[in-house]
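The values are calculated or read from the model by the stated rules, or taken from the named source; none is laboratory data. Note that this is a predicted model, so its numbers are computed, not measured. FYI the Cβ positions are ideal-geometry reconstructions off the backbone, even for glycines, and counts take in every protein chain you see. Note: accessible area is taken over every heavy atom of the protein model, side chains too, but ligands, DNA and RNA are not part of it. Shrake-Rupley method; radii C 1.70, N 1.55, O 1.52, S 1.80 Å.
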Amino acid sequence: ERSGRSGGTMASESEAQRALQYEQTLMYGRYTQDLGTFAKDEAARLRLQEGDTPRPHRPSELLEYTQGRCAPCRVCALQCQRFLISKVGEDWVFLILLGLVMALVSWAMDFAIATCLQAQKWMYGGLDTNVLLQYMAWVTYPTVLITFSAGFTQILAPQAVGSGIPEMKTILRGVVLKEYLTLKTFVAKVIGLTCALGSGMPLGKEGPFVHIASMCAALLSRFLSLFGGFYENEARNIEMLAAACAVGVGCCFAAPIGGVLFSIEVTSTFFAVRNYWRGFFAATFSAFIFRVLAVWNKDEETITALFKTRFRLDFPFDLQELPAFAVIGIASGFGGALFVYLNRKIVQFMRRQKTINRFLMKKRLLFPALVTLIISTLTFPPGFGQFMAGQLTQKDTLVTLFDNQTWAKQGLSDEFEYLGILEAWRHPRSNVFVTLVVFILMKFWMSALATTIPVPCGAFMPVFVIGAAFGRLVGESMAAWFPDGIHTDSNIYRIVPGGYAVVGAAALSGAVTHTVSTAVIVFELTGQISHILPVMIAVILANAVAQSLQPSLYDSIIRIKKLPYLPELGWGHHEKYNVRVEDIMVRDIRYVTLNCKYRDLQQVLHSTKMKNLPLVESAESMILLGSIERSQVGALLSNQLSPQRRLLTLRQKVLSEDGHRLSDSSIRFQISTETSSSPPARPALRKPLKPALKRVPSSPADSPP
């Protein structure tokens with residue numbers, strides 16, 4: 001019997017498996033038919049069972065487009081859109097549009113910035129007969145642009161001030177920041193950033209471009225949601241914002257791989273791998289269009305790296321040079337931590353000095369104008385700027401620092417001839433080492449100060465230039481100490497200071513931002529990976545030193561702005577991971593219940609200064625339903641208990657009581673007719689009617705005023 005039962009059970013199980021088209025294997029089950037195919041077959045079978053029912057010629061959702069003159073065109077456009085989305089996918093369409101728009105914005109901004117910088121050079125060169133007029137033109141031009149940028153941003157959208165990466169870190173964590181991804185902020189950010197960078201101040205565009213790309217993605221989602229509900233999902237919008245952050249870096253430096261990795265490092269604590277392809281596709285398409293536009297404008301002959309280097313490939317560096325690269329990494333770690341510390345202290349000083357803060361709040365444009373005046377005065381080429389290559393823009397400075405020729409004397413050979421823009425680094429009364437040291441020291445505090453100006457600006461590019469100058473200084477020193485190179489064989493391979501500049505740029509920018517992907521950005525910027533090992537060693541050492549001393553620049557700004565974001569704990573604070581919520585939470589917190597009275601609300605408002613009040617179901621269950629802002633509670637109470645509201649309530653009460661008199665008379669009439677038409681009832685049944693008949697006072701004197 002037992003074997004018969006088991007055989008019957010096995011037979012029934014096998015029949016069930018055959019019905020479901022399911023095969024049992026040793027480890028796991030496997031469906032022999034795809035779920036989508038199975039669903040289609042099942043739907044066709046159900047349609048056959050229901051019989052031939054008449055179907056409308058057009059789908060019901062197309063009926064609203066069939067009215068009017070252009071009905072065929074609208075229906076055709078909608079069907080083409082649905083065919084495109086069904087075959088290509090809405091993600092691909094969105095990412096192509098995002099990459100295209102951002103490439104156009106980046107190229108247009110670069111063109112406008114180059115035009116502004118060229119205008120400043122033209123004004124400075126045209127007044128070479130009078131030094132005073134040259135100084136006035138050199139100082140007034142950037143001051144006007146920075147002041148306009150600060151005023152325009154402050155009036156249109158104050159949310160556009162600053163980098164944008166700290167706020168994007170907060171948004172991608174799920175926090176809603178109001179008015180941060182709107183069209184108004186987009187316009188303010190683009191125009192303000194163009195004017196700020198066109199002034200020639202030591203400011204960057206990489207951080208603001210992450211914000212611009214995120215705003216572009218949000219606006220694009222809102223626009224495309226008009227054609228369908230694909231982009232109304234909040235989770236999908238977060239994924240598109242993550243891809244937009246990669247596009248911002250990718251089209252800024254024409255570095256798609258480094259842009260994706262950098263955006264992941266600076267904006268995401270936990271990254272969803274399903275967004276990986278979105279970021280790579282959009283960033284690559286954006287970088288491609290960005291460089292194609294440069295070729296179309298005849299700025300480049302073909303698609304090349306932004307700062308093309310020509311280091312030798314057969315012997316790029318000697319193994320004995322690695323300690324020098326390690327020294328660059330360690331020194332850059334200390335320098336990056338010092339830059340973050342200095343930037344934070346400047347902001348805190350301005351905020352803590354109440355007199356200065358109050359004065360600057362009234363005169364909002366005075367601080368940016370004053371900072372611009374000081375920096376442009378110090379970089380005036382005939383003045384102190386001659387000791388720090390003052391007339392060079394950031395792009396020209398990087399081109400010269402990445403040069404693969406040695407500037408210092410090479411033993412018995414002739415001194416290097418400074419040609420073109422390299423002439424800015426030569427001074428008749430000092431050598432190149434003095435010029436580089438002065439440049440590093442002055443640009444360091446200038447960049448830390450300039451990034452505190454209330455205009456759209458970033459700090460990546462100034463730090464990148466300072467790191468390149470520091471690497472160049474070490475490279476020139478090594479070339480002076482070892483004129484014939486360190487190689488001991490008969491072949492002479494001289495030291496390449498430009499390689500040291502590349503290593504220094506990646507190390508210092510990585511130390512300030514706490515990222516390793518700056519190494520990849522450097523490879524894509526220069527177009528060569530010959531120094532991949534020194535760059536990685538320097539970047540890792542710089543990160544190790546900087547992370548043990550200071551938070552990253554973006555986490556520091558988050559703390560300054562007090563954004564709702566929990567940064568990672570630094571080194572030496574790992575014991576804080578054992579702290580529980582119950583150890584730090586406030587227990588005697590005031591709360592609002594669903595059935596609380598006016599007196600309870602007033603008591604809560606008077607007894608606490610909290611900005612948000614928790615709303616619970618009841619004092620017994622203590623189930624949290626949400627929170628309400630203190631200001632909203634106050635506004636609701638004042639609205640409910642205002643004198644106008646009281647008068648309105650009294651009027652409504654008087655009117656309702658007049659209505660009650662009329663309704664009671666009709667009740668009396670109905671009751672009297674019922675009693676007259678029905679047989680006489682017992683007295684006990686008539687007693688409950690008395691209170692209902694006495695609701696309205698009989699005399700006017702008893703009525704309320």
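Which of the three applies to the stretch 179-302, rounded, prolate or oblate, going by the alpha-carbon gyration tensor with a ≥ b ≥ c and a/c under 1.5 meaning rounded? Write down the numbers at each step before the final one.
Working: a/c = 1.56, a/b = 1.32, b/c = 1.18.
Prolate is the answer for the stretch 179-302, as a/c is 1.5 or above and a/b outweighs b/c.
Find, among the GluC sites (Glu not before Pro) in the stretch 576-623, those assigned to loop by DSSP (not H, G, I, E, B) with at most 12 other beta-carbon atoms within 10 angstrom. Intermediate values should be presented prior to the final figure.
Working: sites: 582, 617, 620; in loops: 617, 620.
Listed in order of number, the matching sites are 620.
When you count the other C-beta atoms within 10 angstrom of each residue and take the mean per peptide, 373-381, 187-195, 348-356, 496-504 line up highest first as 496-504, 187-195, 373-381, 348-356.
Distance distribution P(r), the stretch 587-640, all Cα-Cα pairs, bin width 10 angstrom from 0: 24, 62, 14, 0 percent.
Compare 531, 514 by solvent-accessible area with a 1.4 Å probe and give them largest first, with all protein chains kept in place.
Working: 531 10, 514 40 Å².
From most exposed to least exposed: 514, 531.
Take the stretch 86-297 with all the other protein chains still there, run a 1.4 Å probe, and you get 40 Å² of accessible area per residue. For the stretch 549-654, the alpha carbon convex hull comes to 161 Å³ per residue, rounded to a whole number. Surface composition of the stretch 587-640: carbon and sulfur atoms hold 53% of the protein heavy-atom accessible area at a 1.4 Å probe. Overall form of the stretch 417-528: oblate. Here a/c, set by the Cα gyration tensor axes a ≥ b ≥ c, is 1.5 or more, and a/b is not larger than b/c. Per residue, the stretch 587-640 exposes an accessible area of 76 Å² to a 1.4 Å probe, with every protein chain left in place. Solvent-accessible surface of the stretch 358-399, taken per residue with a 1.4 Å probe and all protein chains present: 49 Å². Before anything else, pin down the relative contact order of the stretch 217-315: Cα pairs under 8 Å, at least 6 apart, normalised by residue count, whole percent. Computed over the stretch 217-315, the figure is 24 percent. Evaluate the Debye formula for the stretch 86-297 with equal point scatterers sitting on the alpha carbons, no solvent, and hand back log10 of I(q)/I(0) at q = 0.08, 0.15, 0.18 Å⁻¹, in q order, two decimals. One equal scatterer on each Cα of the stretch 86-297 leads to -0.30, -0.92, -1.23.
For the listed residue pairs 205/345; 189/443; 362/395; 184/443; 576/611, the alpha carbons are over 30 angstrom apart in 362/395; 184/443.
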